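Reviewing the structure listed below.
The values are calculated or read from the model by the stated rules, or taken from the named source; none is laboratory data. Keep in mind it's a predicted model, so treat the numbers as computed, not measured. Counting neighbours? That spans all protein chains shown, and the Cβs are built from the backbone with ideal geometry, glycine included. Please note that ligands, DNA and RNA were not included when accessible areas were found on the heavy atoms of the full protein model with its side chains. Shrake-Rupley method; radii C 1.70, N 1.55, O 1.52, S 1.80 Å.
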Amino acid sequence: MNAIKDSVHGHVRLDPAATELIDTPAFQRLRHVKQLSTVRLVYPSANHTRFEHSLGVYHLARGALDGLDLDPDTAAHVRAAALLHDAGHGPYGHQTEGIIRRRTGRDHDDVGWLLTDADREVCQVLERNDLDPVRVTDLIAGEGGVGALVSGELDVDRMDYLVRDAHHTGVPYGTVDTGRLVNELRLLGDGSDDPADAELVLAEGNVATAESLLLARSLMNAVVYRHHVSRVAGAMLERACERYLDRTGTDVEAFRRMADHDLLVALREHVPDLGRRIEHRDLYKRAVWVGLSEVPAGTVDADHDAELAAEREIAERAGVDPGAVVVDVPSRPGLKESGSAVVVDGITQRLSDASELVAGIRAAERSRWRLGVYCPDDHVDAVRGAARDVLGLRIAE
């Protein structure tokens, strides 16, 4: 059995199927997709990739499977799904996911296009190792009880990226006890022996273990994932990609197979105003940065088309170029991890019902939510006033 040395987990042992899958072009592309995309403009050492993250998820899945008493065939499918779970990411990861979703209707974990095409090497490798590509894609999407190990409230994806991102940014808040988490996972069935009918839970005595995952995610949101510099750069990147696709007619399926460096070169050539700024970290400034209490409900729930319309109107009122204003309205704050299942006094409960900490973390997430409007430095004052009027913001002049 082959092993790869990982900076977070030590030696990651690979089964024969994993060894073959890693050598496919689809998986090797992940070496060139950074895990934290524009966050590395804030934390210079955050240059780790989705390649190493995927290895870490595979490693944690192996550890969890050791205690779940699954049949060897199901376990093999779960391992493959854990390894391939990020193969569907486009360049810059989550920061191009919205564009891909709007143009294809698919998220990064919908990888049927990648795995079920018989002309593709990933599919061929799976079948050579007696693995069903369709079953693997279903597990990546979190389907079935055991699919929650790959994509769910207690998934190994979340466990790895928290500790890995903390390690590479130097921010300690994402540190969680992955050993205890994977060792305390259980599958509780409905009386049948089918793992698809079971629920993934943390065993008795692990409310604090689940709370630690929730708290780590919340703190990393505040300090790393939603840092305002990354937010500004990510919003600029999204607009640049939209313009690139519209100007060049590039097929979105070809776009989603790009690596980070491919995209940056393309943006420099076809959207030079934003491409150059992103490359050189010459970012727009915050004309507006306001919380939930200062934003009307209709604006908080604005969709992408409404954002674009607001950008055009703000630019017109401010007398600036239409492409020089970016409106960034994040989704309402949520805590997926609060739905984690934990066993308390022999009864399975949601963490939100078993923990008093959840309400406090929810309040903190709401208090940190910010709507942003960004523009070049010399237009900040004009754009702030126009944005206040267009978006109905409750901020002083």
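If we keep just the residues of region 98-122 that are among the small types (Gly, Ala, Ser) and farther than 14 Å from residue 139 by Cα, which is surrounded by the most Cβ atoms within 10 Å (Cβ to Cβ)? By that ranking, first place goes to 98.
Could you pull out the residue among 288, 342, 327, 300 that is out of contact with any strand residue (DSSP E or B) (no Cβ under 7 Å at 6 or more places or on another chain) and among the β-branched types (Val, Ile, Thr)?
Criteria check complete, one pass: 300.
Would you confirm, using the coordinates I've provided, whether residue 370 is surrounded by 15 or more Cβ atoms within 10 Å (Cβ to Cβ), among the charged types (D, E, K, R) and either modelled with pLDDT under 95 or under 30 Å from residue 282 (Cβ atoms) (or both)? Talk me through it step by step, then tell me what you get.
Numbers: surrounded by 15 or more Cβ atoms within 10 Å (Cβ to Cβ): yes; among the charged types (D, E, K, R): yes; either modelled with pLDDT under 95 or under 30 Å from residue 282 (Cβ atoms) (or both): yes.
Here the answer is yes, as residue 370 does meet what is asked.
For the criterion of being under 24 Å from residue 127 (Cα atoms), in contact with a strand residue (DSSP E or B) (Cβ under 8 Å, 6 or more places away or on another chain), in contact (Cβ under 8 Å) with a residue 24 or more places away in the chain and assigned to a loop (DSSP other than H, G, I, E, B), residue 70 passes.
Does residue 15 satisfy the criteria of being modelled with pLDDT under 95 and closer than 22 Å to residue 126 by Cα? So residue 15 does not fit the description; no.
Taking (1) open to solvent by 10 Å² or more (accessible area, probe 1.4 Å); (2) in contact with a helix residue (DSSP H, G or I) (Cβ under 6 Å, 6 or more places away or on another chain); (3) of a type in the set (D, E, K, R); (4) closer than 30 Å to residue 349 by Cα in turn, residue 160 satisfies each apart from (1). Going residue by residue through region 82-93, is there one that turns out to be in contact with a Pro (Cβ under 8 Å, 6 or more places away or on another chain) and in a helix (DSSP H, G or I)? Looking for residues that are in contact with a Pro (Cβ under 8 Å, 6 or more places away or on another chain) and in a helix (DSSP H, G or I), one finds none in region 82-93, hence no.
Hey, can you tell me all the residues within region 21-37 that are open to solvent by less than 30 Å² (accessible area, probe 1.4 Å), part of a helix (DSSP H, G or I) and within 14 Å of residue 90 (Cβ to Cβ)? Walk me through how you get there before you give the answer.
So in region 21-37, the residues open to solvent by less than 30 Å² (accessible area, probe 1.4 Å) come out as 21-22, 24, 26-27, 30, 33, 35-37.
From what's left, part of a helix (DSSP H, G or I): 21-22, 26-27, 30, 37.
Result: 26, 30, 37.
Selection of region 5-18 for residues being more than 24 Å from the chain's Cα centre (by Cα) and surrounded by 16 or more Cβ atoms within 10 Å (Cβ to Cβ) yields 14, 15, 17.
Inspect all residues belonging to region 258-277 and state whether any of them is of a type in the set (Val, Ile, Thr) and within 25 Å of residue 368 (Cα to Cα). Lay out the reasoning, then the answer.
Taking region 258-277 and keeping what is of a type in the set (Val, Ile, Thr), we get 265, 271.
With within 25 Å of residue 368 (Cα to Cα) added as a condition, the list becomes none.
Among the residues of region 258-277, not one is of a type in the set (Val, Ile, Thr) and within 25 Å of residue 368 (Cα to Cα), which makes the answer no.
For residue 367, the criteria (1) among the polar types (S, T, N, Q); (2) over 30 Å from residue 187 (Cβ atoms); (3) touching a strand residue (DSSP E or B) at 6+ places or on another chain (Cβ under 7 Å) hold in every case but one, which is (3).
Could you count how many residues in region 43-67 are without any contact (Cβ under 8 Å) to a residue 12 or more places away in the chain and either within 25 Å of residue 32 (Cα to Cα) or open to solvent by less than 30 Å² (accessible area, probe 1.4 Å) (or both)?
Step one: list which residues in region 43-67 are without any contact (Cβ under 8 Å) to a residue 12 or more places away in the chain, which gives 44, 66.
Then keep just the ones that are either within 25 Å of residue 32 (Cα to Cα) or open to solvent by less than 30 Å² (accessible area, probe 1.4 Å) (or both); that gives 44.
Residues in region 43-67 being without any contact (Cβ under 8 Å) to a residue 12 or more places away in the chain and either within 25 Å of residue 32 (Cα to Cα) or open to solvent by less than 30 Å² (accessible area, probe 1.4 Å) (or both): 1 in total.
When the residues of region 38-61 are narrowed to those that are part of a helix (DSSP H, G or I) and among the small types (Gly, Ala, Ser), which ends up nearest to residue 184 (Cα to Cα)? Spell out how you get there, then give the answer.
Going residue by residue through region 38-61, those that are part of a helix (DSSP H, G or I) are 38-41, 50-61.
Of the ones still in play, those that are also among the small types (Gly, Ala, Ser) are 54, 56, 61.
Working: 54: 22, 56: 18, 61: 13 Å.
Among those residues, the one meeting the criterion is 61.
Do we find a residue being closer than 28 Å to residue 42 by Cβ and either free of Cβ contacts under 8 Å to residues at least 40 places away in the same chain or acidic (Asp, Glu) (or both) anywhere in region 365-377? First the steps, then the outcome.
The initial filter retains those residues of region 365-377 that are closer than 28 Å to residue 42 by Cβ, namely 365-377.
The next check asks that each one be either free of Cβ contacts under 8 Å to residues at least 40 places away in the same chain or acidic (Asp, Glu) (or both); those that pass are 365, 377.
Scanning region 365-377, I find at least one residue that is closer than 28 Å to residue 42 by Cβ and either free of Cβ contacts under 8 Å to residues at least 40 places away in the same chain or acidic (Asp, Glu) (or both), so the answer is yes.
Among the residues of region 140-159, are any over 30 Å from residue 45 (Cβ atoms), among the polar types (S, T, N, Q) and either free of Cβ contacts under 8 Å to residues at least 12 places away in the same chain or not in a helix (DSSP H, G or I) (or both)? No, region 140-159 contains no residue that is over 30 Å from residue 45 (Cβ atoms), among the polar types (S, T, N, Q) and either free of Cβ contacts under 8 Å to residues at least 12 places away in the same chain or not in a helix (DSSP H, G or I) (or both).
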